[in-house]
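The block underneath contains the structure these notes are about, expressed in structure tokens.
The values are calculated or read from the model by the stated rules, or taken from the named source; none is laboratory data. Just so it is clear, the structure is predicted and the values come from calculations on it, not from any experiment. All Cβ positions, even for glycine, are placed from backbone atoms using ideal geometry, and neighbour counts span all protein chains on display.
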Amino acid sequence: MGFFTGFVGGFAFTSSVLYITIQVHRSTRISQRKAIHAQVEQIDWLTASAGAYDRRFLPADISRRQREELEAQKLAEPTMKEILKHRWNKEVEVLTKKAYETRWEDVREAASEGWKAAVRVVKRD
């Protein structure tokens, strides 16, 4: 295995491991956030003053909680496909803005100067 092949293979392996590690860490953080949010909701429900003395007043609050739970189920965490699609769209947006804001005359002049310099170097040899 040559140096370049080994270097590229090592880079690909290392970056893959780092990417997977970051995604696992992110999903763990999201699940912890959801668990903490559910616990806070339970504590808020238990300490609510609406039904502190008379629990007959709780059904309206329970229906609101059920409605929020249904909305939370509808807004499930995004899939890996959606995350990657969002990142791809973000990259395309950045590249499009960069291409739109670039002065192509400057790019053409830089390329022609580079070509002229390369021709001068080749003709000297």
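Brief remarks follow.
Yes/no per residue for (1) on the phi > 0 side of the Ramachandran plot; (2) polar (S, T, N, Q); (3) part of a helix (DSSP H, G or I):
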| site | (1), (2), (3) |
| --- | --- |
| E77 | no, no, no |
| H86 | no, no, yes |
| N89 | no, yes, yes |
| V92 | no, no, yes |
| T96 | no, yes, yes |
| D106 | no, no, yes |
| A110 | no, no, yes |
| E113 | no, no, yes |
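- Test: I83 is within 30 Å of S27 (Cα to Cα), modelled with pLDDT under 65 and surrounded by 10 or more Cβ atoms within 10 Å (Cβ to Cβ): no
- Selection of first residues in region 17-46 that are of a type in the set (A, V, I, L, M, F, W, C) and of second residues that are surrounded by 10 or more Cβ atoms within 10 Å (Cβ to Cβ) and part of a helix (DSSP H, G or I), restricted to Cβ pairs under 7 Å at least 6 apart or on distinct chains, gives the following pairs, ordered by first then second residue: W45/R65.
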